Amino acid sequence: MTTLENLQAKIAKLQAQAEAVAKKQSSTVIAKIRELMEKHGLTTADIDAHVDGKGRGRKPAGAKVAATSTAAKYRHPKTGATWTGHGRAPAWIANVKDRSKFLTDGDSEGTSTTARKVANAGNYVRGPQEPKYRDPKTGATWSGRGPAPAWLASAKDRTAFLIAGAGEGAAEQKVTVAKKVSAKKVAAKKVTTKKVATKKVATKKVATKKVATKKVAAKKSATAAKKTPVKKAAIKKTAAKKAVAKKVTAAAEAQVQASGPAGESTVV
């Protein structure tokens, strides 16, 4: 006969079995999530940033983000995906020979976590930090510590997201930008100076070539002028010789006519 006690015992047994199954399933799901996060180099900060970007579950400004077990050591410059350097490397860095170009700011090959903690111990302030960057579209903020959120990780110029009066970091970044702009201007000035110098050299070469051409033409004209009188004198001499020959020929013909035919003298 079924009694209330028996039913309650069965219910308790079924509840225990259900909790065991749920715990096993949750462990499997957590393991899969962890595997996916390691594969794509994601952290809990990236998930929080994604939630903030969607406008759901947004935390108040200055809220402390739960710290991950290991800080991100590598970051993809385009997608913003990160990797701690432990476990299986994600696809975007697995086949890269030189991984130093993917290192996050303030990190270097072979630098231990303990050394970084000791180096930053004097400048580290515990507790919630004031927001330093803000997304103008969603209003999401970032203090500037830890992995950058997705909306800022791929930005080339982060000064556009700085909050007014955020601190000395903003001034330092502005100085860096000003130095880069100044360097670009100096490089452009050098290029312009080089072009002007090249144009001057080309103009000088053209002028020299024109002067040389004029000198050659003048020399030819002088030579031709010298040859002209000589040529005229030769022509005159030839004409005089021809005139003399003509006169001699005429005199000979007159003499022949005067002597008569066959050498007989003509009686006058």
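3J(HN,Hα) along the stretch 78-84, derived from phi through the Karplus expression 6.51 cos²θ - 1.76 cosθ + 1.60 where θ = phi - 60°, amounts to 8, 8, x, 5, 10, 8, 6 Hz, with x in place of Gly and Pro. Assuming R0 = 22 Å, can you tell me the calculated FRET efficiency for the pair Thr249 and Thr228, based on Cβ-Cβ distance, to the nearest 0.05? Once rounded, the FRET efficiency stands at 0.10. Counting only residues at least eight positions apart within a chain, or on another chain, the lysines with an alpha carbon under 28 Å from that of Lys200 are Lys184, Lys185, Lys189, Lys190, Lys209, Lys210, Lys214, Lys215. My understanding is that a pair violates if its Cα-Cα distance is over 18 Å; which of Lys101/Lys180; Lys101/Lys156; Lys78/Lys156; Lys156/Lys180; Lys132/Lys179 do that in this structure? Too far apart for the 18 Å limit: Lys101/Lys180; Lys132/Lys179. Computed from phi, the 3J(HN,Hα) profile of the stretch 210-223 under the Karplus parametrisation 6.51, -1.76, 1.60 (θ = phi - 60°) reads 5, 4, 4, 5, 4, 4, 5, 5, 5, 5, 5, 4, 5, 4 Hz, with x in place of Gly and Pro. Database remark: amide H of Thr104 closer than 5 angstrom to the amide H of Tyr74, Arg75 (H placed geometrically; neighbours at sequence offset of 5 or more, or on other chains; Pro and chain starts carry no H).
None of the figures in this text is laboratory data; all of them are computed from the coordinates on show. Source: prediction; values computed, not measured. Using ideal geometry, Cβ is built from the backbone for each residue, glycine included, and neighbour counts are taken over all protein chains shown.
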